[in-house]
Amino acid sequence: MPDDVAFSTHSREHGFWTADRVALAASGTWLRPPAENWAATGVSIYAPAMQPGNIAVVRTELDKCGMPEDAVRQMHSLPACIMTTAPELLDNVTLPVIQVADATEAVLGMGRYARDRMNGQIIGVTGSAGKTTCVAMLTEALTPWGPVRQSAHNANLPRGVAWNLASMPWDTPYIVLEMAIGRMAVSSRMARPHVAIFTNIQPAHLGETDTLRDIAVTKSAIFLGMAEGSIAILNRDMQEWDTVYQAALKRKLTVVTYGEHADCDVQLLEYESKLQRVKVRAKDSVLEYTLGAGGKHIALNSLAVLATLDALNLPCGPALVKLSQFRALAGRGEEKSLRVKGRQITVIDDAYNANPGSMKAALERVSEIESAGRRIAVLGEMAELGGHSERYHTELAAILNQSHIDRVFMVGEAYQQCWNALLPEKKGALVVSHTELRPLLIRQIEEGDVVLFKGSHSTRIHDLVRWIKAIADSEPLL
């Protein structure tokens, strides 16, 4: 590693974490102190998420929080320092080193310390589906009013929320955090959102005996860190609505609703899929605007954005311009035009994850999309559906049979009954492994086809997306 001179660039003009602040927040002890003018820009437990000037948390055999030391050695831009529970295990380190008793608690401590000093608006986003897209849309919509920071790398559990908070400048006007169900109360009490968006409740992360109400109760812990009078923006059409609503009222929050329900504060009146045109009633006014990304679920996310802007006393005009330019994210509905074996096709990459709600939304989208060829769905299993997994998979048959989807390829035994109920003319193939689909898709894809890839991450449908992009005859066409 380079000598100490190389690290003089981590100065206070670039960072906001001084040595004293790090030691206080992380309850740590400097074993190899940094230079007098040293400062860091944040902390990371995941090497691909490292930003210049970040502190690298290095894991050990007994404390798995952090990245391996080898990952630090391979970085092009070395971290500001190393944080670890076992500095004696480090190999010839020339970086500053701080020792902590527990790496997870140290990172959480830095997150709490940073949050206590933030003076901007914190928006938390949760739900069973659509969190990441909603975070991205809201972040883009808020940019006309100054710097906006959002969760990076889907780090939505407490450690991830903490290192995101600890790596954001404390004077950032708007911070948008994705917050997942795991240890939600810890995340909420740390982040203390001024606004919480609750997108939906779906069968996801279910154990064998869990119910939708259990999911709703656990996710509603996002309200526990919110002060009385803070804003809860709730999808009025969500399952277990009353459970979530009552949880918000119990915390004495101001509830704002969105969706298609007639009682919504922000109501979707019409969505025209061909033009991606949205018509909305908000506060007795009617708005019409166009979205840059397709799908009714995207339209509903835009309503959550409008409700948030109103909660923050911001006009919607500049934000609507941003929404008209928004594009779906990779793995979450991104569209790519590819030439594969001489045939021009459109790939819809929605392969990051899946549950019954997001699967239905994806199938509706591809069913409505304009296509010069056929509409094809490549579906992996939906994981963590508890004891009713087969039923949730089988119920997709009715949606598929009534849709404009021409051909369906399925991966996994959970789809057997769904496959049996599928109309014969829609059947492409039912296979055990995603790799079996490669030769089948190459043979059957035709010019002008639109191909949806959707499934839970564990089914590796995302590998099919990477494969088909890799064999494309040319670079993706935007």
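The values are calculated or read from the model by the stated rules, or taken from the named source; none is laboratory data. In this text, all values refer to a predicted model and were calculated from it rather than measured experimentally. Reconstructed Cβ throughout: ideal geometry from the backbone, glycine too, with neighbour counts over all protein chains shown. The accessibility values were calculated without ligands, DNA or RNA, using every heavy atom of the protein model including side chains. Shrake-Rupley method; radii C 1.70, N 1.55, O 1.52, S 1.80 Å.
Do the conditions hold for GLY124, that is, is it modelled with pLDDT of 95 or more, closer than 21 Å to ALA185 by Cβ and open to solvent by 10 Å² or more (accessible area, probe 1.4 Å)?
So GLY124 fails the test.
If you check ALA141, ALA136, ALA152, ALA180, which single one turns out to be closer than 25 Å to ILE298 by Cβ, open to solvent by less than 20 Å² (accessible area, probe 1.4 Å), modelled with pLDDT under 95 and not β-branched (Val, Ile, Thr)?
Numbers: ALA141 fails: modelled with pLDDT under 95; ALA136 fails: modelled with pLDDT under 95; ALA152 fails: open to solvent by less than 20 Å² (accessible area, probe 1.4 Å).
Sole residue among the options that is closer than 25 Å to ILE298 by Cβ, open to solvent by less than 20 Å² (accessible area, probe 1.4 Å), modelled with pLDDT under 95 and not β-branched (Val, Ile, Thr): ALA180.
Which condition number does ALA377 fail, the rest of (1) surrounded by 18 or more Cβ atoms within 10 Å (Cβ to Cβ); (2) of a type in the set (A, V, I, L, M, F, W, C); (3) under 20 Å from the mean Cα position of the chain (by Cα) being met?
With (1) surrounded by 18 or more Cβ atoms within 10 Å (Cβ to Cβ); (2) of a type in the set (A, V, I, L, M, F, W, C); (3) under 20 Å from the mean Cα position of the chain (by Cα) applied to ALA377, the lone miss is (3).
Which strands (runs of 3 or more DSSP E) sit wholly inside the stretch 31-124 and have at least 1 residues that are within 21 Å of ALA180 (Cα to Cα)?
42-44
Could you tell me whether the stretch 65-76 includes any residue that is under 18 Å from HIS153 (Cβ atoms), open to solvent by 30 Å² or more (accessible area, probe 1.4 Å), in contact with an Asp or Glu (Cβ under 9 Å, 6 or more places away or on another chain) and modelled with pLDDT of 90 or more?
The answer is no, given that none of the residues of the stretch 65-76 is under 18 Å from HIS153 (Cβ atoms), open to solvent by 30 Å² or more (accessible area, probe 1.4 Å), in contact with an Asp or Glu (Cβ under 9 Å, 6 or more places away or on another chain) and modelled with pLDDT of 90 or more.
Among the β-branched types (Val, Ile, Thr), open to solvent by less than 60 Å² (accessible area, probe 1.4 Å), out of contact with any Cys (no Cβ under 6 Å at 6 or more places or on another chain) and under 21 Å from PRO356 (Cα atoms): is that true of ILE231 in this structure?
The answer is no for ILE231.
I'd like the full set of residues that are open to solvent by less than 90 Å² (accessible area, probe 1.4 Å), under 33 Å from the mean Cα position of the chain (by Cα) and hydrophobic (A, V, I, L, M, F, W, C), limited to the stretch 19-37.
ALA19, VAL22, ALA23, ALA25, ALA26
What's the total number of residues in the stretch 311-367 that are of a type in the set (D, E, K, R) and assigned to a helix (DSSP H, G or I)? Working first, answer last.
Filtering the stretch 311-367 down to residues of a type in the set (D, E, K, R) leaves 322, 327, 332, 334-336, 339, 341, 343, 349-350, 360, 364-365.
From what is left, the residues that are assigned to a helix (DSSP H, G or I) are 322, 360, 364-365.
Looking only at that region, the number is 4.
Can you name the condition, by its number, that GLU384 falls short on among (1) out of contact with any helix residue (DSSP H, G or I) (no Cβ under 6 Å at 6 or more places or on another chain); (2) on the phi < 0 side of the Ramachandran plot; (3) open to solvent by 40 Å² or more (accessible area, probe 1.4 Å); (4) of a type outside the set (Ser, Thr, Tyr)?
All conditions pass for GLU384, except number (2).
Considering (1) under 30 Å from GLU446 (Cβ atoms); (2) outside any strand (DSSP E or B); (3) open to solvent by less than 30 Å² (accessible area, probe 1.4 Å), say which one ASN301 fails and leave the rest.
(1)
Among the numbered criteria (1) in a strand (DSSP E or B); (2) touching a strand residue (DSSP E or B) at 6+ places or on another chain (Cβ under 6 Å), which one does VAL286 miss?
All conditions are met except number (2).
Can you pull out the residues in the stretch 317-363 that are of a type outside the set (Gly, Ala, Ser), over 21 Å from the mean Cα position of the chain (by Cα) and open to solvent by 20 Å² or more (accessible area, probe 1.4 Å)?
PRO318, LEU320, VAL321, ARG339, LYS341, ARG343, GLN344, THR346, listed by residue number.
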